[in-house]
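See below for the structure under consideration.
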Amino acid sequence: MGLRREARELALQILYALDANSSVGIRETLQTFREEQGEVTSRVREFAEELVRGVQERRTIIDEAIRARSKNWSLSRMPRVDLNVMRLAAYELMYRADIPKKVTINEAIEIVRRFGDKESPAFVNGILDEIESCAKTEVTSEEQ
C-alpha cells in the first residue's frame, strides 16, 4: 500500500472518530491516534493530519457540496464511512490542486470499497464525479 493511501485510510479513521464523538475535539482525537498508531511513519501521519485539518476547517463548504449533489439523501442518512470518504475526496478535489483529480476519485473508490458496503463505490463515485465537474468549471472560469 502506498504512503498516500495509508494516510487517507488513517484520515478516514480519524474523521470517523470525530464524527462518532463530536464532544472530543480535533486536537485530542489526533493525539489519541498518534499514541495508538505508533507504527505509522511520520510522513503518513503528517499527510493524514493535513487532510483531516483541511476537511475540518472547510467542513461546512464540503458538506454543502456533497449535499447539493446527493439527490434524495440527507447527510444524516448517509453511511458514516461513505460520507467521510467523500469529505476527504471533496477536500482534495476542491482545495488540493497538487493532487490529480482522477487519482483522488480512484483512491476514494478503492477506500470505500474496502470499508463501505457493496453499494458504496457507485454512490461515492457519482457524487465525486459531479464535484469534480464543478471544480473543473470553477477553475476554467477563474482562468478566463
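With both labels modelled 7 Å from their Cα along Cα-to-Cβ, the E57 to S22 distance reads 2.3 nm.
Sorted on the mean count of surrounding Cβ atoms within 10 Å across their residues, most packed first, peptides 63-75, 9-21, 86-98 read 86-98, 9-21, 63-75. Label the chain by shape, choosing from rounded, prolate and oblate, from the square roots a ≥ b ≥ c of the eigenvalues of the Cα gyration tensor; if a/c is under 1.5 it is rounded, and otherwise prolate applies when a/b is larger than b/c, oblate when it is not. Taking the square roots of the gyration eigenvalues as a ≥ b ≥ c, the chain is prolate. Fully extending the segment from S76 to S42 would add 8.9 nm, taking 0.36 nm per residue of separation and subtracting the current Cα-Cα distance.
Bear in mind that the values in this text are calculations on the coordinates, not laboratory data. Owing to the predicted nature of the structure, the values given are computational and were not obtained by experimental measurement. FYI the Cβ positions are ideal-geometry reconstructions off the backbone, even for glycines, and counts take in every protein chain you see.
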